[in-house]
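Visitor: Mind having a look at this structure? Questions to follow.
What follows is calculated from the coordinates using simple rules that are stated; it is not laboratory data. Just so it is clear, the structure is predicted and the values come from calculations on it, not from any experiment. Neighbour counts are summed over all protein chains in view; Cβ atoms, including those assigned to glycine, are modelled from backbone coordinates with ideal geometry.
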Amino acid sequence: MPRAIVVGSGIGGIATAIRLRAKNYEVLVFESNHYPGGKLHSKMQDGFRFDLGPSLFTMPQYVDELFELHRKNPREHFNYQKKEVICNYFWDDGTRFSAQENQEKFISTAAKTFGESEVTLENYIKKSTEKYNLTASLFLEKSLHKLGTYLSKDTLKAILQLGKLDIYKSLNDTNEATFKSDKMVQLFNRFATYNGSSPYQTPGIMSMIPHLEMHYGTYFPKGGMHEITQSLFRLAQEVGIEFRFEEAVEEILIENGKAVGVKAQDKTYDSDLVVSNMDIYPTFKKLLRKQKQPKKVLQQERSSSALIFYWGISRTFKELDLHNIFFSNDYRSEFEHIFKKKTVYDDPTVYINITSKNEPQDAPEGNENWFVMVNAPGNYGQEWDLLKAECRKNIVKKLSSLLNVDIEQHIISEFTLDPIGIEESTSSYRGALYGAASNSRFAAFLRHPNFSSHIENLYFCGGSVHPGGGIPLCLLSAKIVSDLIPTA
Ligand code: FAD
């Protein structure tokens, strides 16, 4: 049986391993941490359970597919619940809005709250769907770097309708041209952060992202986000995939232009192919340092990172649900601080995720587990301890005022994560959450392909390569890699 080596057990790496096993490869996964999952990990502290990374789960069908590939019923191994309320939004002037998954309800309540016409909202959502349908097969589901992709009917259709995609203006300009209300613009601008970009720079085509939430819905996995990678890890073990934890790969071995194995802890392991799930930047700088470097890809601007405060809170809040956003008063300035000044804004948009709303056992009775996140620049050597202390003060002030409670008094357990910590635990260059930013209309084409055009039998998956970051796209990267590899 031919052997495949996967470097890294992030969601993209585990999914690739599961797919290659179904293609009859013997699969060996190297992981530098002592646990699988990469950014999808969790921690217990003082009776509170916290998901450390992702909190929003869309397109669960891509997880189900992995069980089905091995003829297992996903529902016997991994379960999730659709959310009726997608997100609660709060503004400093007291405006509150609860975004419903049901489109009709969303449109009627948004129209009332923001003074927009229902027709404008309907048309915006329709256009979001149209953009997604026109481009998904080209940008998300196939390799952008294979000629065959461009010869399909779908691609021709997308090219003929380029004008409809708003690629020549920013997401903010697209939204400002549509809505009268600044708050409605801000709410739809927020979707740029789903791939770690700025709404003032990312192209208007990104207004397709709301389609994912509004059409496919948002979900909460039973057992928490961590259960996504845990259940896939169990599946991987059941189908015979071997994992080597605390074994960082030091080099991908190349002979005569072909990947032939890896070196880890001074031992060499042969294989017929290698897939790197490590961020593409360190993959080239560390594991492929003797090979030609794809300079343009490596120079791409990185996506935003984050400061996360994990708080055990000694009371409950009726007005909060699983996902909650407290908006900044000056969104443009916030993104200028993140991407241009490379610092944290002093009135940041605060996101609070509370899994104990869905899973009461995630917090002691009468308490809540708060994952409090603000967008931050990547690590460029800033004084993170100072920035964190300042940011914490600003968050406590903002939340105390908007929730009418002295939040500080209720924080009974606490730890934090910053861009340095994200880079240390996952090798994500500069602590980027989503690989490269999508702050230009060429970003999709500048992401590294899922294969090497110089080295045979070398492939790449995960959030730093095509089609991009976030759980669904990482799962799609695994699918694209596996489609490029013949069944053994
Ligand atoms: P990663 O998770 O980056 O893992 C890579 C793995 O490779 C790690 O385990 C690392 O230890 C291992 N590794 C690296 N180098 C080596 C080596 N040399 N040898 C062996 N192993 C190695 N996405 C969403 O969809 N929804 C969200 O709500 C969301 N929120 C986020 C919030 C935060 C705070 C963060 C950090 C990310 C968030 N994301 C979200 C993004 C999402 O987490 C990532 O896009 C995705 O998890 C990346 O998966 P990956 O396959 O690229 O691997």
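Visitor: Contact order normalised by length for the chain, with contacts defined as Cα pairs under 8 Å and 6 or more residues apart; what percent is it? Could the numbers behind the result be given before it?
Guide: Numbers: 1018 pairs, mean separation 114.5, N = 488.
In percent, rounded to a whole number, it is 23.
Visitor: Scan around residue 253 for amide H atoms under 5 Å from its own, H built in the peptide plane at 1.01 Å from N, and keep only partners 5 or more places away or cross-chain.
Guide: Sorted by chain and number, the residues that satisfy this are 260, 261, 262, 263.
Visitor: Another question about this same structure. With axes computed from alpha carbons, what is the tilt in degrees of helix 118-135 against the longest principal axis of the chain, rounded to the nearest 10 within 0 to 90?
Guide: Around 10 degrees separate the two axes.
Visitor: Would you mind estimating how fast segment 206-278 diffuses translationally, via Stokes-Einstein at 20 °C and 1.002 mPa s with the Kirkwood radius over Cα pairs, in µm²/s? Write out the running numbers ahead of the final one.
Guide: On the way: Rh = 15.9 Å.
The Stokes-Einstein estimate is 134 µm²/s.
Visitor: Amide H of residue 33: which non-local residues (sequence gap of 5 or more, or other chain) have their own amide H closer than 5 Å, using H built in the peptide plane?
Guide: 246
Visitor: Which part of segment 381-401 falls in the paramagnetic zone of residue 416, meaning amide N under 12 Å from the point 7 Å along Cα-to-beta-carbon?
Guide: Correct set: 383-396.
Visitor: Mind grabbing the base-10 log of I(q)/I(0) for the chain at q = 0.12, 0.13 Å⁻¹? Debye formula, identical points on the C-alpha positions, no solvent, two decimal places.
Guide: For the chain, the Cα-only Debye profile gives -1.10, -1.30.
Visitor: Which ordering of 225, 208, 1 is given by a fewest-first count of other beta-carbon atoms within 10 Å? Mind showing how you got there, number by number?
Guide: Working: 225 26, 208 23, 1 9.
Ordered by Cβ neighbours within 10 Å, fewest first: 1, 208, 225.
Visitor: Express in whole angstrom the spacing between the alpha-carbon centres of segment 1-25 and segment 230-261.
Guide: Each part's Cα centre sits 7 Å from the other's.
Visitor: Moving on to the next point. Could you calculate the contour length gain from residue 234 to residue 484, that is, 0.36 nm times the residue separation minus the distance between their Cα atoms, to one decimal place in nm? Mind showing how you got there, number by number?
Guide: Numbers: separation 250, 0.36 × 250 = 90.00 nm, distance 2.53 nm.
Working it through step by step, the gained length comes to 87.5 nm.
Visitor: Tell me, what is the FRET efficiency for residue 263 and residue 222 to the nearest 0.05, using R0 = 51 angstrom and their Cβ-Cβ distance as r? Don't jump to the answer; show the numbers that get you there.
Guide: On the way: r = 40 Å, r/R0 = 0.78.
Efficiency computed from Cβ-Cβ geometry: 0.80.
Visitor: Tell me the net charge near residue 47. Cut-off is 13 Å between Cβ atoms, residue 47 excluded, with +1 for each Lys or Arg and -1 for each Asp or Glu.
Guide: Values: positive: 43, 49; negative: 46, 362, 365, 368.
That sum, taken over residues with Cβ under 13 Å, equals -2.
Visitor: Ok, one more. Run the numbers on segment 1-146 and let me know its relative contact order in percent, using alpha-carbon pairs under 8 Å that are six or more apart. Please list the in-between numbers first.
Guide: Numbers: 127 pairs, mean separation 17.2, N = 146.
Answer for segment 1-146 is 12 percent.
Visitor: Give me log10 I(q)/I(0) at q = 0.12, 0.20 Å⁻¹ for segment 222-380, Debye formula, one equal scatterer per alpha-carbon, no solvent.
Guide: -0.86, -1.17
Visitor: I've got another one for you. Dividing the alpha-carbon Rg of segment 293-405 by 2.2 N^0.38 Å yields what? Spell out each step's value before the answer.
Guide: Working: Rg = 16.3 Å, N = 113, 2.2 N^0.38 = 13.3 Å.
That works out to 1.23 for segment 293-405.
Visitor: Now a separate question. Quick check: the distance between the Cα centres of segment 270-339 and segment 382-405, to the nearest angstrom?
Guide: If we compute the Cα centre of each part, the gap is 21 Å.
Visitor: Additional query: Against the longest principal axis of the chain, how steep is helix 11-22, in degrees 0 to 90 to the nearest 10, with axes from Cα atoms?
Guide: Helix 11-22 sits at roughly 40 degrees to that axis.
Visitor: Suppose only helical runs count, i.e. DSSP H with n ≥ 4. What mean residue ellipticity at 222 nm does that imply for the chain under -39500 (n - 2.57) per run, divided by all residues and rounded to the nearest 500 deg cm²/dmol? List each step's numbers first, then the result.
Guide: Numbers: 15 runs with 152 residues, N = 488.
Using -39500 (n - 2.57) per qualifying helix, the result is -9000 deg cm²/dmol.
Visitor: What do the square roots of 5 times the Cα gyration tensor eigenvalues come to for segment 339-453, in whole Å, largest first, as semi-axes of the equivalent ellipsoid?
Guide: On the way: eigenvalues 197, 69, 38 Å².
The equivalent ellipsoid of segment 339-453 has semi-axes of 31, 19, 14 Å.
Visitor: Which ordering of 272, 182, 418 is given by a fewest-first count of other beta-carbon atoms within 10 Å?
Guide: Values: 272 18, 182 14, 418 22.
The order, fewest Cβ neighbours first, is 182, 272, 418.
Visitor: So how tilted is helix 471-484 from the main axis of the chain? Cα-based, degrees 0 to 90, rounded to 10.
Guide: 20
Visitor: Principal axes first, then extents: for the Cα atoms of segment 286-345, list largest minus smallest coordinate on each axis, whole Å, largest first.
Guide: The principal-axis extents, from largest down, are 56, 28, 16 Å.
Visitor: For the residues 350, 6, 260, 119, what sequence is obtained by ranking on other C-beta atoms within 10 Å, fewest first?
Guide: Working: 350 23, 6 36, 260 20, 119 10.
Fewest-to-most Cβ neighbours within 10 Å comes out as 119, 260, 350, 6.
Visitor: One quarter of the convex hull surface, Cα atoms only: what value does that give for segment 1-155 in nm²?
Guide: Values: hull surface 60.4 nm².
Approximately 15.1 nm², given one-decimal rounding.
Visitor: Taking amide hydrogens as modeled 1.01 Å from N in the peptide plane, which residues meet the under 5 Å criterion relative to residue 441, leaving out close sequence neighbours?
Guide: none
Visitor: Using 7 Å Cα-to-Cβ label points, what is the residue 24/residue 383 separation (nm, one decimal)?
Guide: Here the modelled spin labels are 6.2 nm apart.
Visitor: Moving to a separate point now. Of the beta bridges DSSP finds with both residues in the chain, what % are antiparallel, to the nearest 5?
Guide: Values: 50 of 72 bridges.
Of those bridges, close to 70 percent are antiparallel.
Visitor: Same structure again: Can you give the direction-averaged projected area of the convex hull of the alpha-carbon atoms in segment 419-488, in nm²?
Guide: The directionally averaged projection comes out at 5.7 nm².
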